[in-house]
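Notes for the one structure printed next.
The values are calculated or read from the model by the stated rules, or taken from the named source; none is laboratory data. What you are looking at is a predicted structure, and each value in this text was computed from that prediction instead of being measured. When we count neighbours, we look across all protein chains shown, and the Cβ atoms used for this are built from the backbone with ideal geometry, even at glycine. We work out accessible area using only protein heavy atoms, side chains counted, and drop any ligands, DNA or RNA first. Shrake-Rupley method; radii C 1.70, N 1.55, O 1.52, S 1.80 Å.
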Amino acid sequence: MRNTDFKKWISQLVLLVLFVVLSNGGHAEKRQEDQAVKQMISSMTLEQKVRLVIGTGMFMDLPDSIKQKFGGMKQESSDTAYDHMVDRVRKYLPGAAGFTAEYPSAGITSQVLADGPAGLRISPVRQSDDKTYYCTAFPIATLLASTWDTALVYRVGKAMGNEVLEYGASILLGPGMNIQRDPLCGRNFEYYSEDPVVTGKMAVAMVNGVQSNGVGTSVKHFACNNQETSRMSADAIVSERALREIYLRGFEMAVEDAQPWTVMSSYNKINGTYTSESDDLLTKILRNDWGFEGYVMTDWGGGSDVVAQMKAGNDLIMPGQPEQIEELIRAVNDGKLEESILDRNVSRILTVMLKTPGYRGYRPSGHPNLKFHAEVTRQAAADGMVLLENKGKALPFTDAIKKVAAFGNTSYEFISGGTGSGDVNEAYTVSLMDGLRNGGYEVNQELTNTYEQYIQEMRDRREKPKNWFEAMMKGKVPVAEMNLSPELAARMALQADIALITIGRNSGEGGDRKAEPGDFYLTDPEKSLIENVSKAFHAKGKKAVVILNIGGVIETASWKQWPDAVLLAWQPGQEAGNSVVDVLSGKVNPSGKLAVTFPLEYKDAPSSKDFPGIAVESGKNENAVDLSGFSFTSRRVPWKTVYAEDIYVGYRYYTTFDVPVAYEFGYGLSYTSFELSSLKLDKAAFDGRVNISVSVKNSGNMAGKEVVQVYLSAPDGKLKKPEEELKVFGKTRLLTPGETEIMNFSLDTRDLSSFDESASSWIAEPGTYTVRIGDSSLKIRQSATFVLKEELIAGKVTKALTPVRNFDRLKPE
């Protein structure tokens, strides 16, 4: 044997031994955990087990002014010892969304569950405590997805998870990862994209980032929580194929590639069964098909049958009510629920508990690095902003621009994030005014005074809140736009070097948006504002820029011709003003790309005819949601939403059926230009994998980043296919002018596959496949083909979630 061969053999042997040792070590640790959990369960009474799978109740630490007027939300049982335990665990982290029971005698510690998707949501101030506990308001999920930068999203998650750890929470209730099926969903800002691959990749990065701190996540809302209207009773009627390819795919990626500690089941039904009561969803798909290892919790007040939830594998019922505890104990004693099922669910909760900081004895400092996290959110926000228009290179600002006239109410009340559980109690939000001043620009004081006076007068005129939810939302919804006189616009054009016009929108839990002026459409005063200001500044040879401070898609086609530039800032978190000015000034070259399509009109959206569905009793389209879904005992109106567009969601619909749009999926401008060239495939015939390379060159005169999007067009066979589907993507490093980077990708059999309902399998059908490389779904720069000679199976799964009703598939006109 040659010396080199002997060394190679020895190195391989060493690696094998290390693998065996590490594997045995891992197995040994797992055996120890299993034994510890079994011992805990054996020491627990039936009542303790039941109380562990039922949360400790709904309690919101509302401001005193709101509690005095509307009352609190605390529930008490008839057991004094239990109530004392509940009072104790609630003090662990004031403002957290929920807590599990703890039993020190059995070694069981409480798990602290805290919102939310854009940052930890807890009470910033506490009684008899002079310290503050503010958290970082990170950019909304839609903005993070618009970065197309998974490494950046990982860093955001890592920063977010540090606050979870140091403030004493166990599990962050996020990320939200439902598909943005319709532009009007009130919680779209919490979700990443209309595309499952973008959704899945972003969620994987976020989960891994948060959990790198030794704390957990709860991916939500599983699944098809794509509307707020009657969210606690809506029945989503969806085909198996659309479920597997669109609505479950992102969750599948998150589970298989990141293993979130928990999953949160959604409020709605899927094909006739509440998700929290669906064995098909929670056991057959989530655990058997995907290998999920954690536990499932309900959304707060979700489902209708606690016994059915236990059987289905919804392990933890939140927030929990005393009646549910009594009901479960009766069910076990009456033989309606086997105690072994209860033990199974308890075991899952305890297995996660063993990983929590509280169980491991970690003492939170109460002092996360908020200054560093502000820097992270500032960068993430700037990288996720999308430049929609830039005529005549209006942006970035030139050195000649010193004085700025800021129009629009939202210029003075910039919106950092959405409302509801996705909101964050941050210490500050940098306004656009402060961002401009921090950037060295002078803002017009006369205009500032005019707007601030108007906004205050409008807020003083608003009706008083009718309930605690409205009281919490007070001040978070923009006031109606001021009617700006042409004279004021003309005067500002004389005094300022450039005009900024901010249009704001906000939304959140409890209701969907509306396809009407003031929401999806701009109002007449808003349109007049953009038109008049643009004309006034153009008359003086100056530019006008629109900033969209929004959480969801709006109509742009009717007014985008007036301004010189349009910057989609989304809702960028607490460093909002600084991030916007970083982009306007050119400190940051915008590299964001749309992760959701902007249609010309709402009626063009493929789901518009079916959203948000109909009340089954009346057969009429009506909004029947109760007080934001927070009233758990109120009557739920039977509701049905048919997903008639099937797999043709978002760009899959627009490109397949040639429907024109305002801004396509993947679109976004830069201050520089890029060339995509030299596309190469490593083989012409697919054999299980094809490797792709493409060259990206910065052909402009400013450093910047480019997103490379890889779409695949599959041949039609027995299954119809969309015109193209995004399969993988990547973002370059910061390229200097003239610099080139080679981007490498690969596609495997699953990437080629569609879901065959008849066989419950992922299949890749034979034929010619086209790889399309572009910087948007419509701007394809390079393409190449390969051939699959015979059908391949990419995996067989459990037959599950078959629709209980037939419905017509999409039939485009």
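Among the lysines, which fall within straight-line cross-link reach of LYS220, defined as a Cα-Cα distance under 22 Å, with same-chain neighbours fewer than 8 residues apart omitted?
LYS158, LYS201, LYS269, LYS284, LYS311, LYS355, LYS640
Using the Cα atoms of region 138-273 to build a convex hull, what is its mean projected area in square nanometres?
Details: hull surface 30.9 nm².
That works out to 7.7 nm², a quarter of the Cα hull's surface.
Bin by bin, in steps of 10 Å, what percent of the Cα pairs in region 194-260 do you find, going until the bin that has the longest distance?
It works out to 20, 45, 28, 6, in whole percents.
Could you please state how large a percent of the accessible area of region 495-554 is carbon and sulfur, counting protein chains only and using a 1.4 Å probe?
44
Could you bin all the Cα-Cα distances of the chain into 10 Å bins starting at 0 and give me the percent of pairs in each, rounded to whole numbers?
Here the calculated profile for the chain is 2, 13, 23, 25, 20, 11, 4, 1, 0, 0.
Can you send over the carbon and sulfur percentage of the accessible area for region 376-480, probe radius 1.4 Å, protein chains only?
Working: 2220 of 4690 Å².
Reported share for carbon and sulfur atoms: 47 percent.
Compute the separation of the alpha-carbon centres of region 721-744 and region 379-397 and state it in Å as a whole number.
The two parts, judged by their Cα centres, are 19 Å apart.
Working from the alpha-carbon coordinates of region 342-477, get Rg over Rh, Rh being the Kirkwood radius. Kindly include the intermediate steps, with their values, before the conclusion.
Numbers: Rg = 22.3 Å, Rh = 19.9 Å.
Here the Rg-to-Rh quotient is 1.12.
With only Lys, Arg, Asp and Glu charged, each at its Cβ (+1 for the first two, -1 for the last two), find how big the charge dipole of the chain is about the Cα centre; round to the nearest 20 debye. Kindly include the intermediate steps, with their values, before the conclusion.
On the way: 92 positive and 103 negative charges, 267 e Å.
Once rounded to the nearest 20, the dipole reads 1280 debye.
With every protein chain kept in place and ligands, DNA and RNA left out, what is the accessible area per residue of the chain? Probe 1.4 Å, answer in Å².
Numbers: 31070 Å² over 813 residues.
Here the residues of the chain average 38 Å² of exposed surface.
Any chance you could check the Cα centroid distance between region 189-205 and region 128-162 for me, in angstrom?
16
What is the sum of charges, Lys and Arg at +1 and Asp and Glu at -1, for the other residues whose Cβ falls under 12 Å from the Cβ of ALA490? All intermediate terms of the calculation are to be shown ahead of the outcome.
On the way: positive: ARG491, LYS535, LYS540, LYS542; negative: GLU487.
Summing Lys and Arg as +1 and Asp and Glu as -1 gives +3.
Check region 538-612 and count each lysine pair with an alpha-carbon distance under 29 angstrom, considering only pairs eight or more places apart or from different chains.
Value for region 538-612: 14.
Given region 675-769, what whole percent of its Cα pairs are spread farther than 24 Å? Don't skip to the answer; put the middle values down first.
On the way: 1497 of 4465 pairs.
Counting every Cα pair in region 675-769, those more than 24 Å apart make up 34 percent.
Can you tell me what share of the DSSP beta bridges in the chain is antiparallel? A percent to the nearest 5 is fine.
Details: 58 of 99 bridges.
Once the DSSP bridges in the chain are tallied, antiparallel ones form about 60 percent.
For region 255-380, what does the convex hull of the Cα positions come to per residue, in cubic angstrom?
163
Can you give the net charge of the other residues whose Cβ lies under 12 Å from the Cβ of PRO183, counting K and R as +1 and D and E as -1?
Numbers: positive: ARG181, ARG505, ARG513, LYS514, LYS603; negative: ASP182, GLU194, ASP512, ASP519, GLU555, GLU601, ASP604.
Combined, the nearby Lys, Arg, Asp and Glu give -2.
What net charge is computed for the residues neighbouring SER673, neighbours being all others with C-beta under 11 Å from the C-beta of SER673, Lys and Arg scored +1, Asp and Glu -1?
Details: positive: LYS697; negative: GLU675, GLU706, ASP775.
Once positives and negatives cancel, what remains is -2.
For the chain, what relative contact order do you get, as a whole percent, if you take Cα pairs closer than 8 Å and at least 6 residues apart? Please report the intermediate quantities before stating the final value.
Working: 1905 pairs, mean separation 113.6, N = 813.
14 percent.
Treating region 459-571 as a set of equal point scatterers at the Cα positions, no solvent, please give the Debye-formula log₁₀ I(q)/I(0) at q = 0.22 Å⁻¹.
Log10 I(q)/I(0), no solvent term: -1.23.
Stick to the Cα atoms of region 511-619, pair each with every other, and give me the Kirkwood hydrodynamic radius in Å at one decimal. Don't skip to the end; give the middle numbers.
Numbers: mean 1/r = 0.0616 Å⁻¹.
Every distinct Cα pair counted, the radius reaches 16.2 Å.
Need one number: nm distance between label points at VAL477 and HIS367, each 7 Å from Cα along Cα→Cβ, rounded to one decimal.
Rounded to a tenth, the inter-label distance reads 4.2 nm.
How many angstrom lie between the C-alpha centres of region 492-553 and region 324-359?
Region 492-553 and region 324-359 have Cα centres spaced 53 Å from each other.
Using only the alpha-carbon atoms of region 256-321 as identical scatterers, what base-10 log of I(q)/I(0) does the Debye formula give at q = 0.26 Å⁻¹?
So the normalised log intensities work out to -1.13.
When only alpha-carbon atoms are used, what values of Rg and Dmax, in angstrom, describe region 160-231?
Expressed in Å, the Cα Rg and Dmax of region 160-231 come to 13.1, 37.
Taking the Cα centre as origin and putting +1 on Lys and Arg beta-carbons and -1 on Asp and Glu beta-carbons, what dipole magnitude results for region 744-803, to the nearest 20 debye? Could you put the intermediate results ahead of the total?
Details: 7 positive and 8 negative charges, 39 e Å.
I would put it at about 180 debye.
Dividing the Cα radius of gyration by the Kirkwood radius, what Rg/Rh value follows for region 116-180?
Working: Rg = 13.4 Å, Rh = 13.0 Å.
Taking Rh as the inverse mean 1/r over Cα pairs, Rg/Rh reads 1.03.
What is the distance, in nm, between label points placed 7 Å from the Cα along the Cα-to-Cβ direction at GLU256 and at SER608?
3.6
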